[in-house]
Amino acid sequence: MQNKDKILTLIEERGKITSREITSKVGVSRQYINLVVSSLVAEDRIVKLGSTRGAFYISRKYMEEHPEVMPTVFKKRYANESLEEHRALIEIEGKLPQIKKLAENVRSIFTFAFSEMFNNAIEHSGSRFISVVVSVRNNKLSFDVNDAGVGVFRNIMKKRKLKSEVEAIQDLLKGKTTTMPKSHSGEGIFFTSKSSDTFILSSFGKALEINNLSGDISVREIHAVKRGTHVGFAVDTTSTRHLNDVFKKYTDIGENSDYGFDKTEIRVKLFISGGVHISRSQARRILHGLEKFKVVVFDYENVPLVGQAFADEIYRVFQERHPNIRLGNENMSEGVRFMVERARNEDRKNK
């Protein structure tokens, strides 16, 4: 039996063992042992826990039988210099190897979401350092990414010449919002938020909170004003959500489809200010940027009534300008439905 096989057999028999114990049993140099166990870890046949002199190795069977030995939290502060998200992911999965054993759909969601949010911090924040916390416990996989940079909402405000941070949040929720259009499609935050159970994006006293389990979306003021941007993401480790399904929901798969991100939904209640009779100017704010999509679905949940001018701007004026964009509606009250149908009837009369 070759030394590598002997070492693997020894680890599987013991379940948990240190380099020193392997060296004394196999009778080869410590350097050789380190080389062999490093290759076994890379092949995912054993797991390394701890670091330097406190490191030890466990078999896959031992890991499954003794989950209590596994670390549940990874924390690190990265200097934002030549950072690459895939290298951070490799390090995280090395420190939290149980992530590799999660169902493929959950692991894919985590890989996508973390990569997108970490890359955003690297390329957009201008922060010297980026802090990461990843946790796997109580059937929940979560991560937090914090930077001390320009702030996501303020950055979008400046680059897109918007009037407020709330307008920046509204644009983010539409999708395709990016401050670097030549290198980014603007899909990262949108799809990360949709693939989560819960998602938080906060910066300089404003917070966007999304709960996909309850269907709630809120924008609120927070007292602890944080410099830069904080992203919080969580998904149940037993979730049945699939990333492909999230993408498909916002893809208009038709006869002439290019399978791109061409469908979005608008939570109308997030654009309400000063009462329920929504104005033409508010409709124009909602419509800003929607010409990029082929299908737009307006969700009127918790909106009891809209103004005639609001409905006219969307269902007559915008529709005439963009006849190839399909407009859909959800959760309309009778009052909203009346105004929408009235605007559509006026549009039909003028044709």
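The values are calculated or read from the model by the stated rules, or taken from the named source; none is laboratory data. Keep in mind it's a predicted model, so treat the numbers as computed, not measured. Surface accessibility is based on the protein's heavy atoms, side chains included, excluding ligands, DNA and RNA. Shrake-Rupley method; radii C 1.70, N 1.55, O 1.52, S 1.80 Å.
Worth a mention:
- Fully extended contour minus Cα-Cα distance, from VAL225 to ARG160, at 0.36 nm per residue: 21.1 nm
- A simple rule links phi to the HN-Hα coupling: the Karplus curve 6.51 cos²θ - 1.76 cosθ + 1.60 with θ = phi - 60°, which for the stretch 136-146 gives 10, 6, 6, 6, 9, 10, 9, 8, 10, 10, 10 Hz, with x for Gly and Pro.
- In order along the stretch 89-104, phi translates into HN-Hα couplings of 4, 4, 5, 4, 5, x, 7, 10, x, 5, 4, 5, 8, 6, 4, 4 Hz, rounded to whole numbers, per the Karplus curve 6.51 cos²θ - 1.76 cosθ + 1.60 with θ = phi - 60° and x for Gly and Pro.
- Three-way shape label, the stretch 25-111, alpha-carbon gyration tensor, a/c 1.5: oblate
- Percent accessible area from carbon and sulfur atoms, the chain, protein chains only, probe 1.4 Å: 48 percent
- For VAL297, the residues whose amide H sits under 5 Å from its own are THR264, GLU265, ILE266, GLY328, ignoring neighbours fewer than 5 places away on the same chain, with H placed 1.01 Å from N.
- Taking the stretch 299-351 and dividing mean pair separation by its residue count, relative contact order in percent (alpha carbons under 8 Å, at least six apart): 56 percent
- Cross-link table LYS48/LYS95; LYS101/LYS194; LYS48/LYS76; LYS4/LYS48; LYS249/LYS292; LYS16/LYS48, entries beyond 20 Å C-alpha to C-alpha: LYS101/LYS194
- Phi angles across the stretch 111-126 convert, under the Karplus curve 6.51 cos²θ - 1.76 cosθ + 1.60 with θ = phi - 60°, into 3J(HN,Hα) values of 4, 5, 5, 5, 4, 5, 6, 5, 5, 4, 5, 4, 8, 10, 6, x Hz, Gly and Pro given as x.
- Within a Gaussian network of the chain (alpha carbon springs, distance under 10 Å), most fluctuating of MET332, MET117, MET157: MET332
- Rh (Kirkwood; distinct C-alpha pairs) - the chain, Å: 23.2 Å
- For the stretch 108-163, convex hull of alpha carbons as volume per residue, Å³: 100 Å³
- Against the compact-protein benchmark of 2.2 N^0.38 Å, the Cα-based radius of gyration of the stretch 268-341 scales to 1.00.
- Top of GLN308, GLN31, GLN282 by mean-square fluctuation, Gaussian network on the chain, Cα under 10 Å: GLN31
- Degrees separating the helix 334-349 axis from the principal Cα axis of the chain, which is the longest one: 60 degrees
- Tilt relative to the chain, helix 165-174 - C-alpha long axis, 0 to 90 degrees, to 10: 80 degrees
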